[in-house]
1. I'd like the accessible area for residue 395, computed on protein heavy atoms only with a 1.4 Å probe and all protein chains in place. Round to 10 Å², please.
2. Springs between alpha-carbon atoms under 10 Å, Gaussian network over the chain: tell me which of 171, 353, 238 tops the mean-square fluctuations.
3. What accessible area per residue, rounded to a whole number of Å², is obtained for the stretch 55-175 using a probe radius of 1.4 Å?
4. Leaving out ligands, DNA and RNA, what percent of the accessible area of the stretch 26-231 is carbon and sulfur, probe 1.4 Å?
5. Order the peptides 406-414, 324-332 from the highest to the lowest mean number of other Cβ atoms within 10 Å of their residues.
6. Per-residue HN-Hα couplings for the stretch 229-242, Karplus 6.51 cos²θ - 1.76 cosθ + 1.60 at θ = phi - 60°, whole Hz, x for Gly and Pro?
7. Near the amide H of residue 289, under 5 Å away, which other amide H atoms are found, from residues 5 or more places off or on another chain, if H is placed in the peptide plane?
8. Translational D (Stokes-Einstein, µm²/s) of the stretch 282-427 at 20 °C and 1.002 mPa s when Rh comes from the Kirkwood sum over C-alpha pairs?
Amino acid sequence: MRDYIRLRGGKPLVGEIALRGAKNTVPKTMVAALLSDEPVIIRDVPKIEDVEIIARLIARMGGQVEEIRPGTLQITAKNIRALDRGDLEDITGRSRIPILLCGPLLHRFGRALVPKLGGCNIGPRPVDFHVKALRELGATYDEERGGGLFTAKRLRGGTVILEYPSVGATEQVILSAVLSDGVTELHNAAVEPEIMDLIALLQKMGAIISVDMDRRIIIEGVKKLGGAVHSSMPDRIEAASWACAAIGTNGRIFVRGAEQLPITTFLNKFRQIGGGFDITRDGITFYRAQPKLLPITIETDVHPGFMTDWQQPFTVALTQADGRSVVHETVYESRFGYIEELNKMGATISLYEEAPANIKSRFGKRNYRQSAIIKGPTKLRGREITVPDLRAGFSYVVATLIAAGESTVKNFSVLQRGYEHLVAKLQSLEVEIVEVKT
Ligand code: EPU
């Protein structure tokens, strides 16, 4: 199906939008529900593709996923069976979450078949840390065409040292170690708020997990986990994306549900470029605090650094800042694929393989375009663009909202993977927009 939106930009975005549970947490809490025989209730579940994929896999295993109220799922995984190859065919290459099924499936069946993973095309995205960690906990791994098979009679505690604080590998170790025999020490763990949210649910289910300040997570294996009720943290990537849309269009957006603590690093940078924000218990209002936006140098990093997923909409906002900004990407090798189109819209952004002076590059001398220099302010013009991946896609939408005139955004459905009801949200911000499906 070909799908696109047509919208008219160049007007300040004014109004309110509401956040739901985070795309990068909710599907993982659904996976955690497979660790128990008892029902796990998850609230604030957005209607996005990763949720739908995990719900489908749980149903195929014989588990029950019921929407007991709008946005509230009850997952009961009492009588489930292992996945076989046929169950995975239509999932292959569509999401990264299925790799996290390993822990629950190994505990319950001694084998875990995983499909070839999907997700955005933003670099090689290997799973070597996952494989190494699961081997450390006693699993064996056979790579197969279209995926892989992990097996383990019993998982046992161990010491896992991650080469890099990977979010997914940290979640893998936690989800695998909670029911393992003995204690697992995870070193150099990721400590993103999304991981703390997963730990919070697991604690409610009966897990014993402690997090030290030095990126060490200690998991004491328990015999059994029970049911729980959990409201997932609001989506902090979406919160920052709307903030960039507000400052870029010189508008004012109240993001209901946005929380200060998970985005303090973003708020600091937002303020430094001339953004304003008012924080209340119900959410945060974002706006431009001064007529002229200021340039900045930023570097993406793991938490508590500036998230790689904030990079794209922030870069778009920087096209409106007065001067030369530098954005250096350190988490993914290839996360500037969207720049060419922005330049065609009128931006002046150059990409470089070198890191800025005084910054040690994670990717060394490999040929990755890891730094962007943005010269602003530039007038953006509407045009026809095609969404390449989720975050780049949303940043295109932000660019088309800043741009004068009409734009067509093709392949718009990719955005449904991470942004619920996007067209309705844009309409509520008084954007002239039509959605076409052919
Ligand atoms: N890495 C490896 N080997 C591994 C795992 C990771 O080399 O086995 C590398 C990656 O290639 C990357 C770095 O480690 O260079 C960080 O990857 P990480 O494992 O932290 O990322 P992820 O768990 O695959 C999640 C989010 C991403 C987000 C990153 C970083 C989900 C489903 N995805 O990915 O979100 O950018 O953490 O915060 O949680 C998005 O939402 O659009 C998105 C891409």
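1. Its heavy atoms expose roughly 0 Å² to the probe.
2. Between 171, 353, 238, it is 353 that shows the largest mean-square fluctuation.
3. Ligands and nucleic acids excluded, the figure is 44 Å² per residue.
4. Values: 4150 of 8310 Å².
Answer for the stretch 26-231 is 50 percent, counting heavy atoms of protein chains only.
5. Per-residue mean Cβ counts within 10 Å order the peptides as 324-332, 406-414.
6. Ordered by residue, 3J(HN,Hα) equals 10, 9, 9, 6, 5, x, 6, 6, 6, 5, 4, 5, 5, 5 Hz.
7. Distant-sequence amide H within range of residue 289: 275, 276.
8. Numbers: Rh = 16.0 Å.
My calculation gives 134 µm²/s for D.
The values are calculated or read from the model by the stated rules, or taken from the named source; none is laboratory data. What you see is a predicted model; the values in this text were computed from it and never measured. Counting neighbours? That spans all protein chains shown, and the Cβs are built from the backbone with ideal geometry, glycine included. For the accessible areas, the whole protein counts, side chains as well, though only heavy atoms, and no ligand, DNA or RNA atoms are used. Shrake-Rupley method; radii C 1.70, N 1.55, O 1.52, S 1.80 Å.
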